[in-house]
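Q: Here you go, one structure.
The values are calculated or read from the model by the stated rules, or taken from the named source; none is laboratory data. Everything numeric here is computed off the predicted structure, so don't read it as measured data. The accessibility values were calculated without ligands, DNA or RNA, using every heavy atom of the protein model including side chains. Shrake-Rupley method; radii C 1.70, N 1.55, O 1.52, S 1.80 Å.
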Amino acid sequence: MIFRQLFEPLSSTYTYLLGCEATGQALLIDPVVNSIERDLAAVHGLGLRLALTLDTHLHADHITGALHLREHTGCRIAAPAIDALPCADIGVAEGVPLRVGSLLIEALHTPGHTSGHHAYVLGERVFTGDALLIDGCGRTDFQGGSAADLYRSVTTRLFTLPDEQLVYPGHDYQGRRVSSVGQEKARNPRLGGGKALHEFEQIMAGLNLPYPKFIDHAVPGNRACGVCPTDLPEQLQAYCQRMTESLQG
Ligand code: FE
């Protein structure tokens with residue numbers, strides 16, 4: 001399998017490029033709209049053809065590149081079925097494996113950051129989105145978020161994977177790239193070391209995070225698989241500025 005970990009610095013998002021060597025098909029997990037040119041250059045540079053985009057959840061901090069990637073490549077859009085996005089070609093659900101060439105992706109419903117959040121297992125890796133970050137986790141205070149749900153998702157769905165399973169998170173704000181289930185189980189300050197539910201709930205309730213600055217624009221844009229809102233504040237236009245640029249040539 002071909003694997004690349006790509007980083008989008010405005011939202012500190014990791015996009016994952018997975019390629020099947022046998023068929024030349026590729027998928028992108030959590031592409032970001034303002035990085036699609038870079039992502040396509042990576043796909044084509046490896047001699048691959050984009051077959052699928054796959055989002056872990058409805059993002060509040062950036063806009064997915066799914067729709068524009070489909071327009072440019074004819075790929076299909078996969079997103080959690082539970083979110084019922086009319087723009088998605090494939091509704092992802094636990095128990096229904098997703099196949100791209102020889103790659104077999106298993107979806108795990110991991111609610112708590114958002115109600116529809118899914119993590120994806122592929123071979124020795126698990127792409128945990130914002131359910132489990134390195135030494136952290138996504139916030140649980142909006143979009144159907146729930147600390148109790150996230151605790152259950154992480155402890156019963158992710159921490160039950162083998163200790164050796166490599167954890168590739170949806171974001172990292174300190175340049176860390178990969179962890180493992182064993183490492184997060186042992187030392188994640190919010191969920192590791194055998195933390196009890198009430199301890200986790202206390203930690204999450206005490207974060208006092210500010211209202212996400214992009215959420216009111218990003219969530220409607222992502223429900224449409226990546227449409228740039230027309231009323232973006234000036235300081236956020238960088239997220240979408242490339243959407244009007246041509247990718248031709
Ligand atoms: Fe998120």
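Q: Give me the one-decimal Kirkwood hydrodynamic radius in Å for the range 144-187, with the sum taken over alpha-carbon pairs.
A: 11.4
Q: Over the range 110-167, average the accessible area per residue using a 1.4 Å probe and give it in Å², no decimals.
A: For the range 110-167, the solvent-accessible area averages 30 Å² per residue.
Q: Continuing with the same structure: Just the number, please: carbon plus sulfur as a percent of the accessible area of the range 2-237, 1.4 Å probe, no ligands or DNA/RNA counted.
A: Ligands and nucleic acids excluded, carbon and sulfur reach 52 percent.
Q: Could you give me the ³J(HN,Hα) list for the range 113-120, computed from phi with Karplus coefficients 6.51, -1.76, 1.60 and θ = phi - 60°, whole Hz, x at Gly and Pro?
A: 6, 10, 6, x, 4, 10, 9, 10
Q: Using the Karplus equation 6.51 cos²θ - 1.76 cosθ + 1.60 (θ = phi - 60°), what ³J(HN,Hα) coupling, rounded to whole Hz, does each residue of the range 145-159 give in order, writing x for Gly and Pro?
A: Values per residue, Gly and Pro as x: x, 7, 5, 5, 5, 5, 4, 5, 4, 5, 6, 9, 10, 9, 6 Hz.
Q: Starting from the coordinates of the alpha-carbon atoms of the chain, obtain the Kirkwood hydrodynamic radius over all distinct pairs and give the value in Å to one decimal. Don't skip to the answer; put the middle values down first.
A: On the way: mean 1/r = 0.0552 Å⁻¹.
Answer for the chain: a Kirkwood hydrodynamic radius of 18.1 Å.
Q: What ranking of L197, L18 comes out by heavy-atom accessible area, probe 1.4 Å, highest first?
A: Result of the area sort, largest leading: L197, L18.
Q: While we're on this one: In what sequence, largest accessible area first, do K195, K213, K185 appear using a 1.4 Å probe?
A: Result, largest first: K213, K185, K195.
Q: Fully extended, how many nm does the chain gain between L207 and I90 (0.36 nm per residue separation, minus their Cα-Cα distance)?
A: Gain on extension, L207 to I90, equals 38.6 nm.
Q: Now for a different question. List the residues, sorted by chain then number, that are 5 or more residues from H171 or on another chain and whose placed amide H is less than 5 Å from its amide H.
A: Amide H neighbours of H171: Y14.
Q: Take the alpha-carbon positions of the range 55-114, form their convex hull, and give its projected area averaged over all directions (one quarter of the hull surface) in nm².
A: Answer in nm², one decimal: 4.6.
Q: Keeping all protein chains in place and using 1.4 angstrom, which order do M204, M1 fall into by accessible surface area, from largest down?
A: Values: M204 20, M1 85 Å².
The residues order as M1, M204, largest area first.
Q: Rounded to whole Å and ordered largest first, report the semi-axes of the equivalent ellipsoid of the range 84-208 derived from its Cα gyration tensor (root of 5λ).
A: 23, 18, 12
Q: Averaging over all projection directions, find the projected area of the Cα convex hull of the range 33-75 and quote it in nm² with one decimal place.
A: For the Cα atoms of the range 33-75, the hull's average projected area reads 3.0 nm².
Q: What relative contact order, as a whole-number percentage, does the range 2-237 give when Cα pairs under 8 Å and 6 or more residues apart are counted?
A: Once divided by the residue count of the range 2-237, the mean separation gives 17 percent.
Q: Turning to a different aspect of this structure: Determine how large the accessible area of H72 is when every protein chain is in place; take a 1.4 Å probe and give Å² rounded to the nearest 10.
A: 90
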